[in-house]
Amino acid sequence: MTPPQGGSPESELAARRAKLARLRAAGLDPFGARFAQDDHAADLVRDFEARTGQAARVAGRVMTVRVHGRAAFADLQDASGTIQIYARVDKLGEGAFEGFTELDRGDHIGVEGTLMRTRRGEVSVEAGAWTMLAKGLRPLPEKWHGLRDVELRYRHRYVDLIVNPEARDRFLVRARMVTAMRRFLDARGFVEVETPILGSMAAGATARPFTTHHNALDMDLHLRIATELHLKRLIVGGLERVYEIGRDFRNEGLSWRHNPEFTMLEVYQAFADYEDIMRLTEEMVADAAIAATGGTKVTFRGHEIELAPPWRRLSMLAALREQLGVDVLAASDDEVRAAARTKGVDVAGASTRGQVIDACVDHLVMPRLIQPTFLMDHPVEISPLAKKRQDDPRVAARFEPIVGGFELGNAFTELNDPDDQRERFLEQAAERARGNDEAHPYDEDFILALEYGMPPTGGLGVGIDRLAMLLTGAESIRDVILFPLMRPE
RNA sequence: GGGCCAGUAGCUCAGUUGGCAGAGCUGCGGACUUUUAAUCCGCGAGUCGUGGGUUCGAGUCCCACCUGGCCCA
């Protein structure tokens, strides 16, 4: 069958398949074998002065081909970057040169040759031989606009990664950030652990869980919404300093800062309090920013943000007093609700006083906190796992790190009094009975663990995806999650 | 869940008042032994998101739906 002459999708695929067939007919494997990738593009460019004239072996994906009759150029992209390949018929021979000119954008090849610089100054590998490593059968997106369609970028992330360097860079920044956080915590004696994702009860946060079913036990299970209560059990067990970086699942809507599955870092340090955790947080984030981006300044949603410690400490009650005009501890429920309405906060859906306060914080306080701020000392009623402050038992020893107007995490001096914890759970159960299906469940075994004795402990949760957004300047959480949730096509 | 916007060639995008479906890149053929968005000549390329409706005639107007984005809840 002769391939169609046109450039329709069919003919373009057919043209590539025809080339595939020609390779096979010539006894060549279009999906070749191991290739000793001795060199990477960026290294050759960097070390050009020392290595010019020497042998080089590179492998990667052909991104452009420029044929000039008896000579040809190709840009080869590998994980490190791009380097030009220079091919001449008198170096390669007729057959190998002819094959080189038939390369398509998207093919993987291996090249061995000599490092040189062209007349125009481009560092290149002059090919002495080349091998097809994987024939690309699908045309790649256009070479200078790349792939813009966000739906295609999410659904076919591999194409996004091939053609959009900024997409690749975001995930490299994220990886360096996570590595740095592990190194930071490991260096301070924290132990990385793994706790269950499946459980009979999803506890430790205010959220609706996903439900699944275990067939053999014939029981419904929930996917975790937090790792908190398991990690605190490990503090009871004497591990003293633990952390987990893992996926949490919350059965909620999607937004620029919410994905149903997301990555959370939780850290617990025995014999510490939330003041210690504030220092740990600002140091860890600044350290991760330097490791991932080279500095502590980031640009996020149009704001220049300085992440270097110390971060601002701001009392939530003071902030609310300023923005709302009432003391939410002294005021009645109705007064708080009325003040919220006056300020334009929609509290129609808020059934409890805590939810009204949350809405006010979300709409009046957080958007104003661009530079890193520890928003601290929340009302106890919205902090069921945090210890009360000794000087004012209506206030929890809790903080949320706010940067760029949104919360990066949540932390407190952990509640280690089992009787107080039981009361808080009962209050949550009462809220649940009033119709708040996000209220914390009563975790009997966790109370039992606390009765064995949990030392005073400071704890922290950090949204890894959100921190990655901050460090990469991403506008949407989907830009820092490799394969965000999509409806089926 | 509500509002607004988008979906046209593999990709990036035009498409006027309802009147033959367009460009660039990509692809194919040709010229070219230092180009780099290579250049030059030539040729192709479509389920206009899906399904209905109005109309002599629909990419364009109307309705429903699908997918995505933004905003709100």
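Descriptive notes on the structure:
- Residues of segment A:59-74 that are near RNA strand B (Cβ under 6 Å from one of its atoms) and either closer than 20 Å to A:GLU142 by Cβ or part of a loop (DSSP other than H, G, I, E, B) (or both): A:THR64, A:ARG66, A:VAL67, A:GLY69, A:ARG70, A:PHE73.
- Just one residue in the set A:THR114, A:THR195 is at negative phi and out of contact with any helix residue (DSSP H, G or I) (no Cβ under 6 Å at 6 or more places or on another chain); that residue is A:THR114.
- Unique match (being more than 16 Å from RNA strand B (Cβ to nearest atom), touching a Lys or Arg at 6+ places or on another chain (Cβ under 6 Å) and part of a helix (DSSP H, G or I)) among A:ALA318, A:ALA288, A:ALA292: A:ALA292
- Single residue of segment A:358-395 satisfying the filter (in a loop (DSSP other than H, G, I, E, B) and free of Cβ contacts under 8 Å to residues at least 12 places away in the same chain) that is farthest from A:ALA449 (Cα to Cα): A:ASP391
- For segment A:63-93, a tally of residues being of a type in the set (Gly, Ala, Ser) and either within 15 Å of A:LEU103 (Cα to Cα) or in contact with a Leu (Cβ under 8 Å, 6 or more places away or on another chain) (or both) returns 5.
- Where A:ALA180 falls short, out of the listed (1) assigned to a helix (DSSP H, G or I); (2) open to solvent by 20 Å² or more (accessible area, probe 1.4 Å): (2)
- Selection count where residues are assigned to a loop (DSSP other than H, G, I, E, B) and either of a type outside the set (D, E, K, R) or buried (at least 24 other Cβ atoms within 10 Å of the Cβ) (or both), scope segment A:458-489: 11
- Only listed residue being more than 26 Å from the chain's Cα centre (by Cα), within 27 Å of A:GLU228 (Cβ to Cβ) and among the charged types (D, E, K, R), chosen from A:GLU335, A:GLU381, A:GLU322: A:GLU381
- Taking the numbered list (1) closer than 14 Å to A:THR206 by Cβ; (2) modelled with pLDDT under 95 in turn, A:THR342 passes all entries but (1).
- Any hit, segment A:414-432, residues being over 31 Å from the mean Cα position of the chain (by Cα), surrounded by fewer than 21 Cβ atoms within 10 Å (Cβ to Cβ) and closer than 14 Å to A:TYR274 by Cα: yes
- Segment A:75-134, residues that are aliphatic (A, V, I, L, M), outside any strand (DSSP E or B) and within 12 Å of RNA strand B (Cβ to nearest atom): A:VAL89, A:LEU92, A:LEU103
- If you filter segment A:135-159 down to residues that are away from RNA strand B (no atom under 11 Å from the Cβ) and part of a loop (DSSP other than H, G, I, E, B), you find that the one that is nearest to A:GLU475 (Cα to Cα) is A:LEU137.
- Those residues of segment A:45-73 which are open to solvent by less than 50 Å² (accessible area, probe 1.4 Å) and among the aliphatic types (A, V, I, L, M), in sequence order: A:ALA56, A:VAL58, A:ALA59, A:VAL62, A:MET63, A:VAL65, A:ALA71, A:ALA72
- Residue match in segment A:255-277 (condition: assigned to a helix (DSSP H, G or I) and surrounded by fewer than 22 Cβ atoms within 10 Å (Cβ to Cβ)): yes
- Scanning segment A:326-342 for residues that are in contact with a helix residue (DSSP H, G or I) (Cβ under 6 Å, 6 or more places away or on another chain) and not in a helix (DSSP H, G or I) gives A:VAL326, A:ASP327, A:VAL328.
- Residues that are over 22 Å from A:GLN428 (Cβ atoms), surrounded by 14 or more Cβ atoms within 10 Å (Cβ to Cβ) and among the β-branched types (Val, Ile, Thr) are absent from segment A:377-384.
- Criterion violated by A:PHE425 - all others in (1) out of contact with any strand residue (DSSP E or B) (no Cβ under 8 Å at 6 or more places or on another chain); (2) within 23 Å of A:PHE300 (Cα to Cα) satisfied: (2)
- Within segment A:142-158, being open to solvent by 30 Å² or more (accessible area, probe 1.4 Å) and either under 15 Å from A:ASP78 (Cβ atoms) or not charged (D, E, K, R) (or both) holds for A:TRP144, A:HIS145, A:VAL150, A:LEU152, A:HIS156, A:TYR158.
- Where a residue in segment A:1-23 is modelled with pLDDT under 90 and its partner, wherever it lies, is part of a helix (DSSP H, G or I), with Cβ under 7 Å and at least six apart: A:PRO3/A:SER11; A:PRO3/A:ALA14; A:PRO3/A:ALA15; A:PRO3/A:ALA18; A:PRO4/A:GLU10; A:PRO4/A:SER11; A:PRO4/A:ALA14; A:GLN5/A:SER11
- Selected residue (criterion: most open to solvent (accessible area, probe 1.4 Å)) from residues of segment A:304-332 that are within 16 Å of A:ALA289 (Cα to Cα) and in contact (Cβ under 8 Å) with a residue 40 or more places away in the chain: A:GLU306
The values are calculated or read from the model by the stated rules, or taken from the named source; none is laboratory data. Everything quoted here is computed from the prediction, not taken from an experiment. Note that each Cβ is placed from the backbone with ideal geometry, even for glycine, and that neighbours are counted across all protein chains shown. With ligands, DNA and RNA removed, areas are computed over all heavy atoms of the protein, side chains included. Shrake-Rupley method; radii C 1.70, N 1.55, O 1.52, S 1.80 Å.
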